[in-house]
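Reading through the structure tokens given below for one structure.
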Amino acid sequence: MQTTVVPTRKTGINWVTSITLVIFHIGALAALYYWSWRGLALALFLNWVSGSLGIGMGYHRLLTHRGYKVPKPLEYFLTLCGTTALEGGPINWVATHRIHHAHSDRDGDPHTPREGSWWAHIGWLLRGTALQYDSKVLARYAPELVQDPVHVLINRFYFVPLIACGLVVLALGGFQMVLWGVFLRVTVGLHATWLVNSATHMWGKRRFHTRDDSRNNWWVALLTFGEGWHNNHHAHPAAARHGLAWYEIDVNWVGIRVLQMLGLATSVKLVSVHSLPEAASEERIRLFPAA
């Protein structure tokens, strides 16, 4: 019988993380001083690449929950997109999120708002475990990834794609574009993801009676390409589609659906939403693999 491994929480200041975040926030503020429509367009495009293709479709729905399958080269591409969000390596990110689901809003949750909204939003990164786990924890919560040499390589050098992206932007558009396409874009993307940890466990509506405090929050969903339909997600973590109603905009699901139509996404897990009432009970919803 396999025992549960819960990582020991660190309490000291994570200096590398803290200094990096300070630098990126300064760069983000500097970008606003050098206003540029070209910079805004670049930031929006790269935010979609990193936040939707990378974090939402890649790190979260594909790697963490295996809500669908894609060919390995495409899996690695989506993973590389995720690294440009500066949210850590894929193995550590997946382990953190699986730990969150295993202990959501209870002892062991790395970023529950029950320990304070500041802690849930950013404090856990500045002073907590902050994606830093030993090999035993990673092997427990992300066993398939630690056995994949490509993912191990990406995890070890997760910061390289962002540096490469910054150098390309610098060469083609100059330092002003770097402020927009790297510093501002990364900072906004980080806060959007952190809002899923904090806001969607404090504010919003609950369609399902889950054992945690997860909520559906429309404005967080807009900022995160659909990740804000958090109560739907916690009720059915493996589902590739989080927005269940027509008005629950889920850009990440649209991306997965496009891949499915192209024959690139298979074994897509969904929630049956036929005649789904607004206050549906969890018992009336079931997961099934899409044809």
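The values are calculated or read from the model by the stated rules, or taken from the named source; none is laboratory data. Remember, predicted model here, so these are calculated numbers, not experimental data. Here the Cβ is made from the backbone with ideal geometry for all residues, glycine too, and neighbour counts use every protein chain on show.
Evaluate segment 198-206: report whether one residue or more is surrounded by 14 or more Cβ atoms within 10 Å (Cβ to Cβ) and over 21 Å from the mean Cα position of the chain (by Cα). Within segment 198-206, not a single residue is surrounded by 14 or more Cβ atoms within 10 Å (Cβ to Cβ) and over 21 Å from the mean Cα position of the chain (by Cα). Restricting attention to segment 113-138 and to residues that are polar (S, T, N, Q) and modelled with pLDDT under 95, the residue that is surrounded by the fewest Cβ atoms within 10 Å (Cβ to Cβ) turns out to be Ser135. None of Gly181, Gly173 is under 25 Å from Trp48 (Cβ atoms), touching a residue at least 12 places away in the same chain (Cβ under 8 Å) and crowded, with 20+ Cβ neighbours inside 10 Å except Gly181. Listed here are the helices (runs of 4 or more DSSP H) enclosed by segment 64-154 that have at least 1 residues being in contact (Cβ under 8 Å) with a residue 40 or more places away in the chain and closer than 16 Å to Thr193 by Cβ: 72-83, 90-102.
Within segment 210-247, if we keep just the residues that are of a type in the set (A, V, I, L, M) and not in a helix (DSSP H, G or I), the residue that is farthest from Leu62 (Cα to Cα) turns out to be Ala245. Annotation for segment 86-107: no member residue is polar (S, T, N, Q), surrounded by 15 or more Cβ atoms within 10 Å (Cβ to Cβ) and touching a Phe, Trp or Tyr at 6+ places or on another chain (Cβ under 6 Å). Does Leu153 satisfy the condition of being over 30 Å from Leu32 (Cα atoms), surrounded by fewer than 23 Cβ atoms within 10 Å (Cβ to Cβ) and at pLDDT 95 or above? For Leu153, the condition - over 30 Å from Leu32 (Cα atoms), surrounded by fewer than 23 Cβ atoms within 10 Å (Cβ to Cβ) and at pLDDT 95 or above - is met. Return yes when Tyr76 is buried (at least 16 other Cβ atoms within 10 Å of the Cβ), among the hydroxyl-bearing types (Ser, Thr, Tyr) and in contact with a strand residue (DSSP E or B) (Cβ under 9 Å, 6 or more places away or on another chain) and no when it is not. No, not satisfied. Of all residue pairs spaced 6 or more apart or on separate chains, those with beta-carbon atoms under 9 Å, a first member in segment 23-41 that is touching a residue at least 60 places away in the same chain (Cβ under 8 Å) and among the basic types (Lys, Arg) and a second member that is part of a helix (DSSP H, G or I) and surrounded by 13 or more Cβ atoms within 10 Å (Cβ to Cβ) are Arg38/Gly173; Arg38/Gln176; Arg38/Met177; Arg38/Trp180.
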